[in-house]
Amino acid sequence: MGILDKNIEKEVSGLMKSFSAEDLSKLYKESIREFKPHTIVKGKVILVQDKQAVVDIGYKSEGLIPLQEFDKPAEVKPGDELEVYLETVEDESDLIVLSKSKADYIRGWERIMQAYKEGDPVKGTVTRKVKGGLIVNIGGPAFLPASQVDIRRLDDIGKLVGKEIEAKIIKLDSERMSIIISRRKYMEELRGAQREKLLKELKEGDVREGIVKNIADYGVFVDLGGIDGLLHITDMAWRRVSHPSEMFTMDQKIQIKILKIDTTTNRITVGFKQLTPNPWEKVELKYPANTRIKGKVVNIMPYGAFVELESGVEGLLHISEMSWTKRISHPSDMLAIGDIVEAMILKISSEKQELLLGMKQLEVNPWTTIEGKYPPGTRIQGRVRNLTTYGAFIEIEEGIDGLLHLSDISWTKKIVKPADVIKKGDKIEAVVLSVDPEKKRVSLGLKQLAPNPWETTIPEKYNTGAVVPGKVLRLTKDGAVIELAPEIEGFLRLTKEPEAAGAEGAPKEEGEKIHLKIDDAVTVEVIKIDPVEGRIMLKMGSQLS
């Protein structure tokens, strides 16, 4: 028996005894026919206890329904009438299984089938997130696939739970009692209508409110209410913007100006900086050439640094304009972002929005005084800063180098590489040969520290016809280099001249080959000396030693 008042229970018990077994069997069978499983029946709540409601449907026993199946569980009370779904009827145990949620689902489905068809717009509340999408209550549960939630991909579709949305029915399946809806399709059709209307209304120069809907490296897309406008990074501010995210966030409402409308492609270009005056319009008046200014370093590139003079106005401080003498491989060697620097305006163009700055111009150019400080003939002492294939750079003072060319290292010795004579870091003495302030060049000489032996001792000792001893230093294709004395060399051809010439007009016979090897001692005769070129030409002497 179910839960009944004891007095009623006694009355029913007495009444039942007055019926025969055959009558009771007949009544039971008729009762079963009234309460068929998988049907919707009417019921009444007779008791609420233990998070469930006891419901009487007029059957010999009551059913239990969990309170969580009710829309407002706290408000359920005895006497409430409702429709329930009869799941099963157990004959022997008198057990019935009821479901309110299934009854609600079926009734909701029936109402939807009567009210809607595929393609109809609907409103509903998102109730929960499930695998692959959302469940939306439109009078009955409908499935909204994740791909149909929005025109743009959302990071978390679960944020829509509890919100009312509008969508379109894209599929009704009466057999499976399922509904599939699309919010995306609804939004696309709505935006299409709004786009056509908006394109007719918009004019270049209009100021409109929009919502930031997408942020890219090159700009942001602003929803103008049915159509997107591109706000390029160059139209965001008069100053330099590294990335759009510095200025804007998703779903931010902003005022923009319509710059261009392309009716062929339906593309709209918008601007943000155009809502404020262009600071470059008066920049030439505020910052004439040769003006000293102070600014903040806002960006550093390999070729220079950008210095902000005021909001929207930046100047380029090129690496070559940072110092007269310092060797700067990268602007960061001297500056850092955020530094306040003093500089001079070198060149300005409002039309091109270009402003060139210089730091070194605030100091005296040392190259304007270098010629007077180091006239030709001046002896200097410096450090070998760098070696090249053609010479060595000698630091005369900080930032000022002189070039010691390979040809100015020795009067007599053949120098193949500067590194054979001097090393990087050596301190040496040299003579200033010439100064070119315009080209910023100082030429130095090492050999000029001593008299030129080609003008003094060499012609005296190695005059034409002199026979002198020597040693084979190295062999070449055409002859041999003979060392006559330390750092004094002569060239010997390895073919003897024939003693007698042929008949007049006849070619000379080829002379006898001379066979030598390195370090051989020889006696040679000087046949020619050239002090200008620093060369001594030799031939074999009368005897070998």
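Summary table
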| item | result |
| --- | --- |
| Inter-residue pairs, beta-carbon under 8 Å, first more than 22 Å from residue 86 (Cα to Cα) and in the range 100-121, second assigned to a helix (DSSP H, G or I) and hydroxyl-bearing (Ser, Thr, Tyr), 6+ apart | 121/186 |
| Residues of the range 169-202 classified as touching a Pro at 6+ places or on another chain (Cβ under 8 Å), of a type in the set (S, T, N, Q) and in a helix (DSSP H, G or I), total | 0 |
| Of residues in the range 265-297 being under 13 Å from residue 224 (Cβ atoms) and of a type in the set (S, T, N, Q), the one nearest to the chain's Cα centre (by Cα) | 269 |
| Residue match in the range 242-264 (condition: without any contact (Cβ under 8 Å) to a residue 40 or more places away in the chain, under 19 Å from the mean Cα position of the chain (by Cα) and within 28 Å of residue 334 (Cα to Cα)) | yes |
| Residue match in the range 240-248 (condition: closer than 27 Å to residue 301 by Cβ, in contact with a Phe, Trp or Tyr (Cβ under 6 Å, 6 or more places away or on another chain) and either at pLDDT below 95 or of a type in the set (A, V, I, L, M, F, W, C) (or both)) | no |
| Considering residues of the range 195-212 that are out of contact with any Leu (no Cβ under 7 Å at 6 or more places or on another chain) and buried (at least 16 other Cβ atoms within 10 Å of the Cβ) only, the residue modelled with the lowest pLDDT | 195 |
| Within the range 439-451, tally of residues that are in a loop (DSSP other than H, G, I, E, B) and either in contact (Cβ under 8 Å) with a residue 24 or more places away in the chain or buried (at least 18 other Cβ atoms within 10 Å of the Cβ) (or both) | 3 |
| Test: residue 423 is in contact (Cβ under 8 Å) with a residue 24 or more places away in the chain and of a type in the set (Lys, Arg) | yes |
| Test: residue in the range 372-380 that is of a type outside the set (Phe, Trp, Tyr) and either outside the structural domain of residue 435 (by TED's automatic domain parsing) or touching a His at 6+ places or on another chain (Cβ under 7 Å) (or both) | no |
| Qualifying positions in the range 347-387 - surrounded by 13 or more Cβ atoms within 10 Å (Cβ to Cβ), of a type in the set (Ser, Thr, Tyr) and closer than 25 Å to residue 311 by Cα | 350 |
| Qualifying positions in the range 83-126 - over 15 Å from residue 179 (Cα atoms) and either loosely packed, with under 13 Cβ neighbours inside 10 Å or hydroxyl-bearing (Ser, Thr, Tyr) (or both) | 85, 88, 90, 91, 92, 93, 95, 99, 101 |
| Condition met for residue 119 (out of contact with any helix residue (DSSP H, G or I) (no Cβ under 8 Å at 6 or more places or on another chain), part of a loop (DSSP other than H, G, I, E, B) and either farther than 23 Å from residue 101 by Cα or among the aliphatic types (A, V, I, L, M) (or both)) | yes |
| Filter pass, residue 429 being within 21 Å of residue 326 (Cβ to Cβ), touching a residue at least 40 places away in the same chain (Cβ under 8 Å), surrounded by fewer than 16 Cβ atoms within 10 Å (Cβ to Cβ) and not small (Gly, Ala, Ser) | no |
| Qualifying positions in the range 429-438 - outside any strand (DSSP E or B) and either modelled with pLDDT of 90 or more or of a type in the set (D, E, K, R) (or both) | 438 |
| Any hit, the range 459-478, residues being modelled with pLDDT under 90, basic (Lys, Arg) and under 30 Å from residue 370 (Cβ atoms) | no |
| Residue under evaluation residue 141, criteria (1) under 20 Å from residue 39 (Cα atoms); (2) not assigned by TED's automatic domain parsing to the domain that holds residue 168, criterion not met | (2) |
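The rows are residues; the columns are (1) at pLDDT below 90; (2) over 25 Å from residue 40 (Cβ atoms).
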site: 88; (1), (2): yes, no
site: 127; (1), (2): no, no
site: 140; (1), (2): yes, no
site: 168; (1), (2): no, yes
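The values are calculated or read from the model by the stated rules, or taken from the named source; none is laboratory data. Keep in mind it's a predicted model, so treat the numbers as computed, not measured. Please note: Cβ atoms are built from the backbone with ideal geometry, for glycine as well, and neighbour counts cover all protein chains shown.
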